[in-house]
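The numbers here are math on the coordinates, done by the rules we state, and not lab data. Computed from a predicted structure; not experimentally measured. Every residue, glycine as well, gets a Cβ built from its backbone with ideal geometry; the counts of neighbours run over all protein chains shown.
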Amino acid sequence: MLRCILKRMRVIAGTYRSRVLQAPKGLETRPTSDRLRETLFNVLSPRIAGAKFADLYAGSGSVGIEALSRGAEFCWFAEREPKATAAIRANVAALKLQGGYAIEDRSVGKLLNAMVKNERAADIVFLDPPYESGDEYRATLDFLAHNHAVILALNAIVVAEHSRKLPPNETHGELKRYRLLEQGDAALSFYAITMKLSS
């Protein structure tokens, strides 16, 4: 785990390709590996251009920055760990991003509630809580499902990174998993809203 945190990260593709990103120091965060990030964006690539992206439990912000690099229109970063939010701010400053993003440094819940209140919908939501935090996965996925009419754009997808051994539930209200990709000890669960059919 420590080796992963100390490893240098780079933007994989797009406008900021090969630019080095700072990772938070310490053991509080676990950055998404370059390999898993590449797998994620291979799947998301047809949806990224012009998308509104939410990077929840953002850590260094590498996933949201990758989305912006590949043409996302806007990214919300939510991360409350001070060293991690400092890394996000340092990374966007180093890339000289003048806009197209917002950082919520209090909690994921604060960001999601603000998005609902202000009727801001995301096309893609990525969440990566600590793998052992089952309550965080449940609370966030349940909130997205309950408020999907406001917070998720039409045909939006939600992606949860998690431990291969600790997958989140397949269904959260009308939010249902339609794809699971495993890579080493990590996995990605892809969710979409499946509207209930009337009988």
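Take the Cα of Arg10, step 7 Å toward its Cβ, do the same at Ala153, and the gap between the two points is 3.0 nm.
Full-extension gain between Glu73 and Lys25, please, as 0.36 nm times their residue separation minus the C-alpha to C-alpha distance.
Working: separation 48, 0.36 × 48 = 17.28 nm, distance 2.91 nm.
In short, 14.4 nm is gained.
Electrostatic tally near Arg164: other residues with Cβ closer than 13 Å to its Cβ, Lys and Arg +1, Asp and Glu -1, net -2. Between Asp142 and Glu182, the simple spin-label model (points 7 angstrom out along Cα→Cβ) gives 2.7 nm.
If you take the beta carbon distance between Arg17 and Thr171 as r and set R0 to 30 Å, what does 1/(1 + (r/R0)^6) give as a FRET efficiency, to the nearest 0.05?
Working: r = 37 Å, r/R0 = 1.24.
FRET efficiency, Arg17 to Thr171: 0.20.
Result for the chain in a Gaussian network model with C-alpha springs under 10 Å: among Phe77, Phe41, Phe53, the largest mean-square fluctuation is at Phe41. Amide H contacts under 5 Å for Leu152: Ala122, restricted to partners 5 or more places along the chain or on a different chain, H placed in the peptide plane at 1.01 Å from N. Determine which residues of region 38-70 fall in the zone a paramagnetic label at Asn118 would reach in this model, i.e. backbone nitrogen under 16 Å from the point 7 Å along Cα→Cβ. Within reach of a label on Asn118, which here means backbone N under 16 Å from a point 7 Å along Cα→Cβ, region 38-70 contributes 52-56. For mean projected area of the Cα convex hull in nm², one of (i) 12.8; (ii) 12.0; (iii) 10.7 was computed from the structure I shared and the rest are decoys. Which label? Looking at mean projected area of the Cα convex hull in nm² for this model, the match is (iii). When the chain is treated as a Gaussian network with alpha carbon springs shorter than 10 Å, the biggest mean-square fluctuation among Pro130, Pro46, Pro168 belongs to Pro46.
Ranked by how many other Cβ atoms sit within 10 Å of their own Cβ, fewest first, the residues Asp128, Asp34, Asp55 fall in the order Asp34, Asp128, Asp55. When both bridge partners sit in region 2-193, DSSP labels roughly 50% of those beta bridges antiparallel.
Can you compute the equivalent ellipsoid semi-axes for region 95-199, i.e. the square root of 5 times each eigenvalue of the Cα gyration tensor, sorted largest first and rounded to whole Å? Please report the intermediate quantities before stating the final value.
Working: eigenvalues 96, 78, 34 Å².
Over the Cα atoms of region 95-199, the semi-axes work out to 22, 20, 13 Å.
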